[in-house]
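Chemist: Structure below; questions to follow.
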Amino acid sequence: MTPPEDAAIITHTLELAAERGGDLTAAIYARLFRDHPALEPLFIMDTNGAVRGEMLSRAFDAILDFIGQRAYAHNFIGAEATTHDGYNVPRDVFADFFAIIRDIVRENCAAAWSAEADSAWRRLLSDLSAYIAPAHA
């Protein structure tokens, strides 16, 4: 389970980034497509960004559940990693999506980002990786 102090820090950074940056969807997907250009064609039918927005909303909800009650997120993240296998999205690229979220949150927090926030997010990404790795790994 996520330590309560990590959960509080991660929640605070998400709230601060939303307050300062508004909808982070465009920035997160711009970074994703910059770092992984092969993914952009997968969104060819998403002409209005609704799919991207929905996917990001689910990722944020999963992060909040994962650092909180962990009622579903651990299973959801593993299932989504498997679903994305079917889209030929490698597991490391799927995991990188969460790192990109962290990076954009950090950019929007700017000077309010702390060493504690960096550590809390690093632990979160490490914990998430256990649910993203293939079952046979």
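Chemist: Counting C-alpha atoms alone, how compact is region 25-83: give Rg to one decimal and Dmax as a whole number, in angstrom.
Modeler: 12.8, 35
Chemist: With a point put 7 Å past each Cα toward its Cβ, work out how far Ala50 is from Ala111 in nm, to one decimal.
Modeler: 4.2
Chemist: Match the structure shown to one of the listed values (1) 14.5, 41; (2) 14.9, 48; (3) 16.5, 53 of Rg and Dmax of the Cα atoms in Å, computed from it, and give that label.
Modeler: (1)
Chemist: Please give the length that would be gained between Asn75 and Ala38 if that part of the chain were fully extended, namely 0.36 nm times their separation in residues minus their C-alpha to C-alpha distance (nm, one decimal).
Modeler: Answer, rounded to one decimal: 10.7 nm.
Chemist: Can you give the local net charge around Glu40? Use residues other than it whose beta-carbon is closer than 14 angstrom to its beta-carbon, Lys and Arg +1, Asp and Glu -1.
Modeler: Neighbourhood net charge equals +1.
Chemist: With the Cα gyration tensor of region 58-137 in hand, convert its eigenvalues to equivalent ellipsoid semi-axes via √(5λ) and list them largest first in whole Å.
Modeler: 23, 14, 11
Values in this text are rule-based calculations from the coordinates and carry no lab data. This is a predicted model, so every value here is computed, not measured. Don't worry about glycine lacking a Cβ; one is built from the backbone with ideal geometry, like all the others, and counts go over all protein chains shown.
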